[in-house]
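These notes concern the structure reproduced below.
The values are calculated or read from the model by the stated rules, or taken from the named source; none is laboratory data. In this text the structure is predicted, and so the values were computed from the model without any measurement. Positions of Cβ are generated from backbone atoms using ideal geometry, with glycine treated the same way; all protein chains shown enter the neighbour counts.
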C-alpha cells in the first residue's frame, strides 16, 4: 500500500476516527486504525467493539492495499508534522509502515489487516433520514441529561423515537430530563414505531457533524452515515422508562426570565454554594427573582436579584445549581429569538418544567427541586 495525502486532510480524518480507539485494550489490534486504499479512496476505520467509526477521504494512490496502523502513535506523529504540506505513507508486506516528509522518514510496526474485527452488517435495518441541524439539536440538547449510573443501563443512553412525521430524543438520569421534538419538514415521513436507545458516547459524536444523517437501526446495532463517515454502535437492549409519566401537566405558576440574566446570576451566586450540596434558592415575586446560596461551613453567601415576570404573588424553591445551569444554557436564540426562559411550578417539591419562552413544543426540560 502506498499513497500521498495533504496533512490537513489526514489530520482531520484522524481526529474523527480516533474517539473509537480505546486508551488501553487487552486486544492489541483495537489500538490500531484499519487503513484500506482502493484507487484514490483511503478508508480509515477504528473500533473498540462498542463503537466503530469509518471515514473515507481522497488521496493520491499509488498501490492499493491494507494494514493496521498504531492509532495513537500515528496520530501524534501527523499532528507534529504541522498543518501544511503533503505526507507519503506506505506499508510493506510484513506490515511495516513508513511515513515520509520532505525532511524526515519514520517507521512503525503495524498488524495485518486480516486481524481486524468484522464490522456489523445491517441486513434488516430500519432507516430514518435526519438533516444536519436536527441531528445536532437532538444530540446537544439531550446528552447532558444522560445517567452515568451503570446499574440503570437504559438511562445511560438517549432514547430515540420515530412516529411518521415526528422524531423525539429523550434523556433522563432521574433528577432531570430533556426531550427534543423535530418534524420531517415535509421532506417525507419518518419510520413508524422505530425506537432505539443509543449510548451517550455515540450521541456525543453527533453533536458536531458536517452533513445530513442516515440513521439505521437493527436489533443489536445502530449506524449513522454522515457523508463519507459512518458511526456504528451497539444499542442498549433495555426498555426505556415511561418518561411521560414524570412530566407534570398541572404546573400553574409561570416564570419568564432572560436566559443570559438568569444564567449569569446562577453562575455567580453558585460560587458561594456548599460544594457538596450545590444548592441555590429561588425567591420569586411578580417582578423580581432573587437567587441565593450560602455555605454555613465556609461562612460565605451570595444573593442576586434580576427582573422577571411571575404569574403568582410569591414562591420559593431550591435546586442543584449544576442541573439547573446545564438545562438553561441549552436554550439558545434558535429556540427563542428573545432568549427568554419559561419555568413552571406547582409546589416546591414537585418537578419544574423549563422551556423556551416560545416554541415550547420543540424543547422541554425537567429538573427536580431540592428541599431548602
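What are the pairs, 6+ residues apart or on separate chains, where a residue within the range 278-301 that is under 14 Å from residue 316 (Cα atoms) has its Cβ under 6 Å from a residue that is surrounded by fewer than 17 Cβ atoms within 10 Å (Cβ to Cβ) and modelled with pLDDT under 95? What qualifies is 281/372; 285/314.
The strands (runs of 3 or more DSSP E) located wholly in the range 102-192 that include 3 or more residues which are farther than 30 Å from residue 31 by Cα occupy 126-130, 157-163, 166-172, 176-183. Within the range 78-103, the set of residues being touching a strand residue (DSSP E or B) at 6+ places or on another chain (Cβ under 8 Å) and closer than 21 Å to residue 116 by Cβ comprises 78, 89, 90, 91, 92, 95, 96, 97, 98, 99. Those strands (runs of 3 or more DSSP E) of the range 222-331 in which at least 2 residues are under 20 Å from the mean Cα position of the chain (by Cα) and in the same structural domain as residue 140 (by TED's automatic domain parsing), considering only elements entirely within it, cover 229-234. Looking at 18, 37, 68, 42, just one residue is out of contact with any helix residue (DSSP H, G or I) (no Cβ under 9 Å at 6 or more places or on another chain), buried (at least 16 other Cβ atoms within 10 Å of the Cβ) and not assigned by TED's automatic domain parsing to the domain that holds residue 209, and that residue is 37. Looking at 111, 122, just one residue is surrounded by fewer than 18 Cβ atoms within 10 Å (Cβ to Cβ), over 20 Å from residue 209 (Cα atoms) and in contact with a helix residue (DSSP H, G or I) (Cβ under 9 Å, 6 or more places away or on another chain), and that residue is 111. For the range 314-338, a residue qualifies if it is surrounded by fewer than 16 Cβ atoms within 10 Å (Cβ to Cβ) and over 19 Å from residue 369 (Cβ atoms), and the qualifying residues are 332, 333, 334, 337, 338. When the residues of the range 193-220 are filtered to those that are assigned to a loop (DSSP other than H, G, I, E, B) and within 17 Å of the chain's Cα centre (by Cα), the one that is farthest from residue 15 (Cα to Cα) is 212. Could you grab me the full set of residues in the range 36-58 that are free of Cβ contacts under 8 Å to residues at least 60 places away in the same chain and over 18 Å from residue 221 (Cα atoms)? Those that are free of Cβ contacts under 8 Å to residues at least 60 places away in the same chain and over 18 Å from residue 221 (Cα atoms): 37, 38, 39, 40, 41, 42, 43, 44, 58.
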